[in-house]
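Here is the structure we will look at, set down as structure tokens.
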Amino acid sequence: MSTVEEPLYPIALLIDELKNDDIQLRLNSIRRLSTIARALGEERTRKELIPFLSENNDDDDEVLLAMAEELGVFIPYVGGVEHARVLLAPLETLCTVEETCVRDKAVKSLCRIGSQMKENDLVDWFVPLVKRLAAGEWFTARVSACGLFHIAYPSAPEMLKTELRSIYSQLCQDDMPMVRRSAASNLGKFAATVENAHLKAEIMQIFNNLTQDDQDSVRLLAVEGFAALGKLLEPQDCVAHIIPVIVNFSQDKSWRVRYMVANQLYELCEAVGPQPTRTDLVPAYVRLLRDNEAEVRIAAAGKVTKFSQILSPEVATHHILPCVKELSSDSSQHVRSALASVIMGMAPVLGKDKRIQARGTNINYLLWDRTDRRFFHSVVVVITVVSMFMLDDATIEQLLPIYLSLLKDEFPDVRLNIISKLDQVNQVVGIDLLSQSLLPAIVELAEDRHWRVRLAIIEYIPLLASQLGVGFFDDKLGTLCMQWLQDKVYSIRDAAANNLMRLAEEFGRDWAMEHIIPQVLEMANSPHYLYRMTILRSISILAPVMGSEITCSKLLPVVVNASKDRVANIKFNVAKVLQSLVPIVDKSVVEKTIHPCLVELSEDSDVDVRYFANQGLQSINHATMSS
């Protein structure tokens, strides 16, 4: 092929592959557009490649999706922002296809290109594109147009801005619900670019029309925009224009609309401030908390703590607390779960009261007097919400038995949820009460039948140890930490080994030498090879904490002795541990003890043992050469 003809090859290859029956070849071709564009150069890309893509009639959605994505980053290949307009034509075509994901990607790419275009190019090329799509005969074009107005509007002259607002208003009244849905979904972004004078007059009228749409799918998307609109308006305008709509929406005939209101209400409260919230939105929120659909109650319950923080204690107690009490005995476990998840995050703000310590007996009585899981799961919500606003003795007195009960819940997920927040519970009840009342439940959970619960307890032990102190820990939890090394589940044994290392760091070498090392060394002779492997793992992670002297005198002899084990798995783990000890011990110990042991293991009959032993020998040789 001649030099003149060579540049033609990439475009010819592209055309051939795009016409291939194999979809993968067509996809590969599209994904190589940038490479082909570089080969063609900027001018030929504009004059040949882009027109070809504009005329491409591939009917496979995956190919079209890839094309829409590639064109969004194609500005450098067509000569920069000065020529960005040439990319609009193929993307305009993609905005009209039937597949939603292709249209969405095309709109996203157009927005990306439009945000980089010069102002005059936006007016000359981008705005006409938006108008053509908005006037499209097929609804797909009009759907896509709604997502482009916020790019086209800011650069348009005043007369054109008036026309664009009028077009958007027409799209909000389109015969096709899909178009109205798109207009409602994009209203917030468009409103953010509109001048304040037109915002209250025209945009709010559009919003009101959407909120009265006969399709609930349109109304619920309008709800998504009310928080954004509320932040654009002055608080007094928000109270006048947005809040009445939301109050009506809280009674909408469609549960999906009410669900969206419950989900978005707190964001609007932030926009309007505490006073309008207390006077206007509390009744609406109460209705949502008492809604007859569980999904709505779930959404409302998930916001109860945030919403209550805005209110005064009196309002929260008088209006919100009765609803929470009702939801605490809700028939839907998902509603109760939503409440419980919120409560855990509220614990740090509940405060402490030392006077409650004198009532430990009363608390224990409350704990063991109740056995119903649902009762405790529900009441924890009520008690904690009240506690947030009324930090009195009685509140905390009721809170603690609820946590104790949930720690004993028959469902593992409930127990896990409480365990994961035990550090926050301590901030509420104090360390003395924690040790007196919570610790027995924690000890019981250490032997829980669900291994994930035991794992969660192990991960919490170092934090608990730091709070309780070394003396209390030795008496109550020390034995548990050693028992976990012989658990039936590997994840528990591994976590237990890591737990020992963290405890040694917390309490120091002397404590570890007295309370951990002797018991670990004793377990090295366990008849079960899996437990012996766990001890090797424990030694490897304890050695850096204990230092060279203790490692050489106490830990290394155990490892060397394990190299004589009859189980191959033990021996190749010995090789791995010996390799990890090389940087810790002195060079003389490596030469006299570790190296000979690894040499012996390198001649073992098992291939894995030989492999890891040789790895260790190579590590020693490398360390010797580098030193």
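Worth a mention:
- Working note: Karplus 6.51/-1.76/1.60 with θ = phi - 60° gives region 90-105 the couplings x, 6, 4, 5, 5, 5, 9, 6, 7, 5, 4, 5, 5, 4, 4, 5 Hz, where Gly and Pro are set to x.
- Using a probe of 1.4 angstrom and keeping all protein chains present, the accessible surface of region 15-92 works out to 47 square angstrom per residue.
- Mean accessible surface per residue for region 442-598, computed with a 1.4 Å probe while every protein chain stays in place, in Å²: 46
- Residue order by solvent-accessible surface for 611, 285, 259, 77 is 611, 259, 77, 285, largest first, with ligands and nucleic acids left out and a 1.4 Å probe.
- Remark: for residue pairs 108/306; 108/131; 108/253; 488/576; 554/587, the C-alpha separation exceeds 25 Å in 108/306; 108/253.
- Inter-label distance, nm, simple model (7 Å from Cα along the C-beta direction), residue 615/residue 28: 3.7
- Converting phi to 3J(HN,Hα) with the Karplus coefficients 6.51, -1.76 and 1.60 and the offset θ = phi - 60°, region 483-492 yields 4, 5, 5, 10, 5, 6, 9, 4, 4, 5 Hz in sequence order, with x at every glycine or proline.
- Given a 1.4 Å probe and the protein chains as shown, residue 501 ends up with an accessible area of around 40 Å².
- For region 41-52, putting each phi into the Karplus relation 6.51 cos²θ - 1.76 cosθ + 1.60 with θ = phi - 60° gives couplings of x, 4, 5, 5, 4, 5, 8, 10, 5, 5, x, 4 Hz, in residue order, rounded to whole numbers and with x for Gly and Pro.
- Rolling a 1.4 Å probe over the protein heavy atoms gives region 197-311 an accessible area of 40 Å² per residue.
- The packing ranking of peptides 215-221, 154-160, 447-453, highest mean first, is 215-221, 447-453, 154-160, where packing means the average number of other beta carbon atoms within 10 angstrom of each residue.
- Rounded accessible area of residue 612 (nearest 10 Å², 1.4 Å probe): 50
- Solvent-accessible area of residue 200 with every protein chain in place, 1.4 Å probe, in Å² to the nearest 10: 90
- Between residue 607 and residue 482, the FRET efficiency from the beta-carbon distance, with R0 = 30 Å, is close to 0.30.
- Percent carbon-and-sulfur accessible area, region 508-626, ignoring ligands, DNA and RNA, probe 1.4 Å: 51
- Once the chain from residue 256 to residue 625 is taken as fully extended at 0.36 nm per residue, the excess over their C-alpha distance is 125.8 nm.
- Loop-located trypsin sites (Lys or Arg not before Pro) in region 578-627 (DSSP state not H, G, I, E or B) with no more than 14 neighbouring Cβ atoms inside 10 Å do not occur.
- Over region 508-626, the fraction of Cα-Cα pairs per 5 Å bin, rounded to whole percents and listed from the shortest bin up, is 2, 12, 24, 23, 20, 12, 5, 1, 0.
- Within region 253-332, the ratio Rg/Rh, alpha carbon atoms throughout and Rh by Kirkwood, equals 0.94.
The values are calculated or read from the model by the stated rules, or taken from the named source; none is laboratory data. Model, not experiment: these values are computed from the prediction. FYI the Cβ positions are ideal-geometry reconstructions off the backbone, even for glycines, and counts take in every protein chain you see. Surface accessibility is based on the protein's heavy atoms, side chains included, excluding ligands, DNA and RNA. Shrake-Rupley method; radii C 1.70, N 1.55, O 1.52, S 1.80 Å.
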